[in-house]
Amino acid sequence: MYIKEITLTNYRNYTKTTIPFENKVNVILGENAQGKTNVMESIFVLSMAKSHRTSNDKELIKWDCEYAKLSGIVEKHRGPVTLDLVISTKGKKAKYNHIEQKKLSQYIGSINTVMFAPEDLNLVKGSPQVRRKFIDMEIGQVSPVYMHDLSRYQKVLQQRNQYLKQLQTKKQTDLSLLDVLTLQLSEMAAKILKKRFEFLKLLQQWAEPIHKGISRDLETLKIEYKNSIDVSEDADLSKMLEAYHQKFDKIKSREIDRGVTLAGPHRDDLLFYVNEKDVQTFGSQGQQRTTALSLKLAEIELIHQEVGEYPILLLDDVLSELDDFRQSHLLNTIQGKVQTFVTTTSIEGIHHETLEKAATYHVEAGQIQKVK
């Protein structure tokens, strides 16, 4: 799949612009704070209905405007697809081929993107929240059901935390409602956990050989899911559900004392091992970056395996963060098969035929022009 063009209306620092793209590498050049990352972000937002840079949708709307609109034409195997996303203070509305989607979870995954930005180099050494977001975003692209389950889980989690806080402060004393919320949360948690296990098994299959290649066969990468319940990845849904029941029963009094939910997918984590050593704690910066790069390249192949088409790759100011060998490995991997967007202040010093043949755009003060 590839995006033929995108139209931005009242988006960030763009008033109204239509940008045609080519089905190869598209390099977006410009100084900082001119709007090149906004173009990259808009493609991601059109795909995921949320930004990778902010959780506040109002920031996506141009100053003094009531709404922002993104429209895109995407070529897929089955033919062209038109996508529209309107973001306003009232919320978001999405259309697929001019038909409004009742739920955003039905829209997400219409096009698939893999984003690789400097902050993704923190995937290994950053907080557990960063890694959970990584899992959720990637599974969500290939499984609308997962997004629906995750949304329901988060709503019940919020209700349960509020009720635990009321029990903690003695504003409530009835435990029967807590039991109902716990049952609902456990059912959603089991579904989420099962899907995460399935996803990480596939990710491991792709990431391990990619990591070996980047490390010149010197390193073996292993991904481990750090779970808040005692259950294996091979367990069926009923066993996972039973494990959550037992866990919540065991920690009920502690949760009431603390006023917060202490177990569930929202507290889980990913661990990465290179040659059986924890990369987060003992890995060099080079090993941490190789691990992050391996995961991103594995995502590309995993999405291709799941949906039958390669996703769109977004490289936001990340090439300058990688050394020559990792740059070359990344560019060799994507060459000729993945539509790629690269933002950078300059491509001087990066010598690779993929970039030399790229379509090039220049951004200045919210204006974008194709220069090659």
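Structure summary
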| quantity | calculated |
| --- | --- |
| Prolate/oblate/rounded label for the chain (Cα gyration tensor, a/c 1.5) | oblate |
| Solvent exposure, largest accessible area first (probe 1.4 Å, DNA, RNA and ligands not counted), of Trp63, Trp206 | Trp63, Trp206 |
| For the chain, calculated [θ]222 nm from helices alone, where every DSSP H run of n ≥ 4 adds -39500 (n - 2.57) | -14500 deg cm²/dmol |
| Relative contact order of region 148-219, defined on C-alpha pairs under 8 angstrom at six or more residues apart (%) | 34 percent |
| Residues Gln367 and Gln246, FRET efficiency given R0 of 41 Å [Cβ-Cβ distance, rounded to 0.05] | 0.10 |
| Rounded accessible area of Tyr244 (nearest 10 Å², 1.4 Å probe) | 0 Å² |
| Euclidean distance between Cα centres, region 24-38 to region 57-130, Å | 18 Å |
| Most fluctuating residue given options Glu301, Glu309, Glu356, as computed from a GNM of the chain linking Cα atoms under 10 Å | Glu356 |
| Protection-proxy order for peptides 40-49, 226-235, 104-113, 118-127, each taking the mean of Cβ atoms within 10 Å per residue, highest first | 40-49, 104-113, 118-127, 226-235 |
| Protein accessible area in region 112-227, 1.4 Å probe - carbon and sulfur % | 52 percent |
| Sorted peptide list for 266-275, 71-80, criterion being average Cβ within 10 angstrom, highest first | 266-275, 71-80 |
| Shape box of region 54-131 [Cα atoms, principal axes, largest first, Å] | 42, 39, 20 |
| Cα-derived Rg over Rh, computed across region 34-98 with Rh taken as Kirkwood radius | 0.98 |
| Exceeding the 26 Å Cα-Cα cut-off - candidates Lys247/Lys296; Lys133/Lys191; Lys93/Lys133; Lys195/Lys226; Lys222/Lys357; Lys125/Lys296 | Lys247/Lys296; Lys222/Lys357 |
| Cα Rg over Rh - region 148-249, Kirkwood | 1.16 |
| Area accessible to solvent at Thr89, 1.4 Å probe radius, in Å² | 110 Å² |
| Square roots of five times the Cα gyration tensor eigenvalues for region 1-157, Å | 23, 20, 18 |
| Region 67-213 - Debye-derived log10 I(q)/I(0), Cα point model, q = 0.08, 0.19 Å⁻¹ | -0.34, -1.25 |
| Relative compactness, region 287-372, computed as alpha-carbon Rg over 2.2 N^0.38 Å | 1.16 |
| Percent RCO, i.e. relative contact order, over region 209-352, from Cα pairs under 8 Å lying at least 6 residues apart | 23 percent |
| Computed over region 192-262: relative contact order in percent, which uses C-alpha pairs under 8 Å that are six or more apart | 27 percent |
| Thr281 versus Gln158: modelled label distance in nm, points set 7 Å from Cα along the beta carbon direction | 3.6 nm |
| Top positive-direction residue, dipole computed over the chain with Cβ charges, set Ala298, Leu123, Ser346 | Leu123 |
| Region 164-312 - convex hull of alpha carbons, volume per residue in Å³ | 150 Å³ |
| GNM result for the chain, Cα springs below 10 Å: residue of Leu150, Leu297, Leu164 fluctuating most strongly | Leu164 |
| q = 0.10, 0.21 Å⁻¹, region 225-352: log10 I(q)/I(0) [Debye, one scatterer per Cα] | -0.55, -1.20 |
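The values are calculated or read from the model by the stated rules, or taken from the named source; none is laboratory data. Fair warning: this is a prediction, and the values are worked out from it, not measured in the lab. No Cβ is skipped: glycine too gets one built from the backbone with ideal geometry, and neighbour counts run over all protein chains shown. In case anyone asks, the SASA skips ligands and DNA or RNA and just uses the protein heavy atoms, side chains included. Shrake-Rupley method; radii C 1.70, N 1.55, O 1.52, S 1.80 Å.
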